[in-house]
């Protein structure tokens, strides 16, 4: 019998299932709905929620947040780093009395986590890694149960006790924390590895390293973990700025997108403005961009206040992608959305961007978008009629389809350039 090749795509939660999960997790429909509404408004967290594991972590953090009296609440998480900072803070607060020398244990745990990242190891053996990193004596502590789960593995006739982090991303986060907690962590050597590695194994670790280099994080974790090293933060931010300047002015679009994700995690507006500048032309032509990528780009570009040009041509967008990009689109002077498969629902988000009081858009290319339909064009016209719209040049093709709507547009815009077929 010949082999039949098959594959399965794990889709995770559909949008309506996410709300159901939140309500069940909270045990209170109103609180669950309130938490989910917050997540819906946060581009990064919402796009993570399709993954049940992430959904559990988000709910764990937000349940603690929303059950706290409103006047006593801190800020809710916005980035992946902030989410895991609050997750770790909850673990440390709830298990404070269950382990002495928490900081020392966390350093050991973080070093083992980093070893796993370097060697792509997810399962740690009792007689090897747990011993090597000095964790054997405290395995019975409930403190470690907040990070690791025990698994009994059978190999041939032998049984081994092994351990793994509850979530791979938690392993990456703990690895990043270890470099801030341990002054002998070897940050220079790590940055050299990040520079030379091309296989992506350090990608999530790098995002956490950049996200942890913030004073608000130091303040949150410092109270339960002890002092974070400012010198480490400074070195990492300098490295990120240098990498961002090189990537955003280079020709590797994937690398440019990666550094935007790092910049987003820093939430450092000055760093982002300095790295990107106002005159930069960002080019993501023919890239595959997820809603999460679009949310990151929208946020990072908005930090600049103004951008010369953004090229997103030949990129298939959903309406959610355009909506997530909108904060960045209004900061660009020229935007190319040609050959993007824009639909009528995409036009609604574009219309809002055009009519924003802060819109800088003067030139927009919508060539070869044949799925917008009359309803989409009508929505675009509403944005173009707005007194806030600064558009001077609109490029489009298929004038046979768009002729009537754009006759109206011609009377509403100061300068409108129609590109012929």
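The values are calculated or read from the model by the stated rules, or taken from the named source; none is laboratory data. Since this is a predicted model, take the numbers as computed values, not measurements. Cβ placement follows ideal geometry from the backbone for every residue including glycine, while neighbour counts extend to all protein chains displayed.
Scanning region 149-167 finds no residues that are touching a residue at least 24 places away in the same chain (Cβ under 8 Å), surrounded by fewer than 20 Cβ atoms within 10 Å (Cβ to Cβ) and part of a helix (DSSP H, G or I). When 172, 245 are screened for being under 18 Å from the mean Cα position of the chain (by Cα), crowded, with 16+ Cβ neighbours inside 10 Å and without any contact (Cβ under 8 Å) to a residue 60 or more places away in the chain, only 172 passes. Look through region 55-75, keep the residues that are surrounded by 18 or more Cβ atoms within 10 Å (Cβ to Cβ) and within 23 Å of residue 180 (Cβ to Cβ), and return whichever of them is nearest to the chain's Cα centre (by Cα). Checking each candidate, the answer is 57. Residue 276 meets each of the listed conditions (1) at pLDDT below 90; (2) touching a strand residue (DSSP E or B) at 6+ places or on another chain (Cβ under 8 Å); (3) surrounded by fewer than 18 Cβ atoms within 10 Å (Cβ to Cβ) apart from (3). Listed by position, the helices (runs of 4 or more DSSP H) contained in region 211-318 that have at least 3 residues being over 25 Å from residue 169 (Cβ atoms) are 230-248, 269-276, 291-304.
Could you tell me whether residue 47 is buried (at least 17 other Cβ atoms within 10 Å of the Cβ), at pLDDT below 90, at negative phi and assigned to a helix (DSSP H, G or I)? Taking the combined requirement at face value, the residue satisfies it.
Yes or no, residue by residue, for (1) under 18 Å from residue 234 (Cα atoms); (2) touching a helix residue (DSSP H, G or I) at 6+ places or on another chain (Cβ under 8 Å); (3) assigned to a helix (DSSP H, G or I):
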{"position": "170", "(1), (2), (3)": "no, yes, yes"}
{"position": "173", "(1), (2), (3)": "no, yes, yes"}
{"position": "180", "(1), (2), (3)": "yes, yes, yes"}
{"position": "199", "(1), (2), (3)": "no, no, no"}
{"position": "209", "(1), (2), (3)": "yes, yes, yes"}
